[in-house]
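Written below as structure tokens is the structure these notes are about.
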Amino acid sequence: MDLTLSNEHRQLRELARRFTDERIVPHATRWDRDEAIDRDLVPALGEVGFLGLGIDEDYGGSGGDNLAYCLVLEEIARGDSAVRGIISVSLGLVAKSIAKHGTEEQRQRWLPGLTAGTQLGCFALTEPGTGSDAGNLTTKATKTENGYRINGRKVFITNGTWADVALVFARTGGPGPKGISAFLVPTDTEGFVATEIKGKLGMRGQATAEITLDDVEVPDDALLSDEGFKLAMGSLDKGRMSVAAGCVGAARGALEAALKYAKEREQFGKPIAGFQLVQELLADMAVETDAARLLTWRVADLADRGEPFGTEASMAKLYASEAAVRVANNAIQVFGGYGYIDEYPVGKYLRDTRVTTLYEGTSQIQKLLIGRALTGINAFV
């Protein structure tokens, strides 16, 4: 494998680095304290093409491969993981699902706005009673004369209060995964209510919501797929790649902050970077960050070559998320007491990365997926 980046990849990474340093880093602490990212950042993300990566230019996309997507998300997450989450969900889970599974009419209706950042999407899968057990969700879509009537509740939905379209998973058939379908529901439809969840440990600037669907009526052409569970799991495979890329970025940000501080902070008459145990912390952080990046790039490479990548995505997501938590925690140790206040960024890195071990499949679920691939035995049943 040639790990040398092409000129196009290097230029895109540099664009993402500049955008992050200019448009995200100066505001990340304020967004975290206010629990709200500035909304005008979304169209700005669209203008530079970050919300159209991997989408055909005919629909307003900016093209590019999976490695390009990972490079951008790493840089964005270095600045603020909450911004990375906006992109991962609206583009990675919603727009790319429409591009792959939608009709031409659905693509024309939704993709230009989503890629431009004039619209956002949310991925409404998780329910109060079904997180890891998504195949047993209870939201129901009942067939009507003109379409479907949807009733149910969703929770922890990223972009939920900002989204213009929700990719809603609802039961149209019998029990289990095979009875689930996927619908594109405009969020201004009567009966659709999104309530923002405040007081999160991390990702505080990101709009996370609980959604209630009370007799929400949608036409037949709102149906994106009658194999909703299969669509969701396929989307989450690439979603895990994007989470892993974001974790690499957060880990790198924590490492860079710790390196800078260790060279400036003096104790016992010299910079703390000169102490062996501090260097041990920094070395561990650097190794884990690079290892997570290589696992993530392997997923991107497999996906770009059209090879299966589900197990590798679980490996990358498992390792990168857990590693990012460890790296951020070590960064706080380097900072000492100063790492515990939000004047410095390392505490935020720890709070933001902690949730990555939970969503899009917990670390325990990833281990079961990897174990199933290794043994051929399904531990879920």
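The values are calculated or read from the model by the stated rules, or taken from the named source; none is laboratory data. The structure presented is a predicted model; accordingly, all values stated were derived computationally and were not measured. Cβ atoms come from the backbone with ideal geometry, glycine included; neighbour counts cover every protein chain shown. Only protein heavy atoms, including side chains, enter the accessible area calculation; ligands, DNA and RNA are left aside. Shrake-Rupley method; radii C 1.70, N 1.55, O 1.52, S 1.80 Å.
Side notes on the structure shown:
- Note on the range 299-318: residues that are in a helix (DSSP H, G or I), under 16 Å from Leu236 (Cα atoms) and either free of Cβ contacts under 8 Å to residues at least 12 places away in the same chain or not aliphatic (A, V, I, L, M) (or both) total 6.
- Count of the range 229-251 residues which are among the acidic types (Asp, Glu) and open to solvent by less than 10 Å² (accessible area, probe 1.4 Å): 0
- Residues of the range 192-228 that turn out to be open to solvent by less than 50 Å² (accessible area, probe 1.4 Å), touching an Asp or Glu at 6+ places or on another chain (Cβ under 6 Å) and in a strand (DSSP E or B), as a count: 1
- Boolean, Arg78 is part of a loop (DSSP other than H, G, I, E, B), in contact (Cβ under 8 Å) with a residue 60 or more places away in the chain and among the basic types (Lys, Arg): no
- When each of Leu51, Leu3 is tested for being assigned to a loop (DSSP other than H, G, I, E, B) and open to solvent by 50 Å² or more (accessible area, probe 1.4 Å), the lone residue that passes is Leu3.
- Members of the range 154-191 found to be closer than 16 Å to Asp226 by Cβ, over 20 Å from the mean Cα position of the chain (by Cα) and in a strand (DSSP E or B), listed by number: Ala170, Arg171, Ile180, Ser181, Phe183, Val185
Each row is one residue, and each column tells you yes or no for (1) of a type outside the set (Gly, Ala, Ser); (2) open to solvent by less than 60 Å² (accessible area, probe 1.4 Å); (3) closer than 21 Å to Asp32 by Cα.
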site: Phe309; (1), (2), (3): yes, yes, no
site: Ser321; (1), (2), (3): no, yes, yes
site: Val325; (1), (2), (3): yes, yes, yes
site: Val346; (1), (2), (3): yes, yes, yes
site: Ser363; (1), (2), (3): no, yes, no
site: Lys367; (1), (2), (3): yes, no, no
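- In the range 63-78, residue least open to solvent (accessible area, probe 1.4 Å) [restricted to those that are farther than 17 Å from Ala250 by Cβ and of a type in the set (A, V, I, L, M)]: Ala68
- When the range 154-185 is filtered for residues that are over 20 Å from Leu236 (Cα atoms) and surrounded by fewer than 16 Cβ atoms within 10 Å (Cβ to Cβ), the ones remaining, listed by number, are Gly173, Gly174, Pro175.
- Residues (open to solvent by 50 Å² or more (accessible area, probe 1.4 Å) and closer than 16 Å to Gly179 by Cα) located in the range 117-151: Asp133, Asn136, Thr138, Lys140, Thr142, Lys143, Arg149, Asn151
- Only residues that are under 18 Å from Pro345 (Cβ atoms), in contact with a Gly (Cβ under 8 Å, 6 or more places away or on another chain), assigned to a helix (DSSP H, G or I) and not acidic (Asp, Glu) were counted across the range 26-48, and they come to 2.
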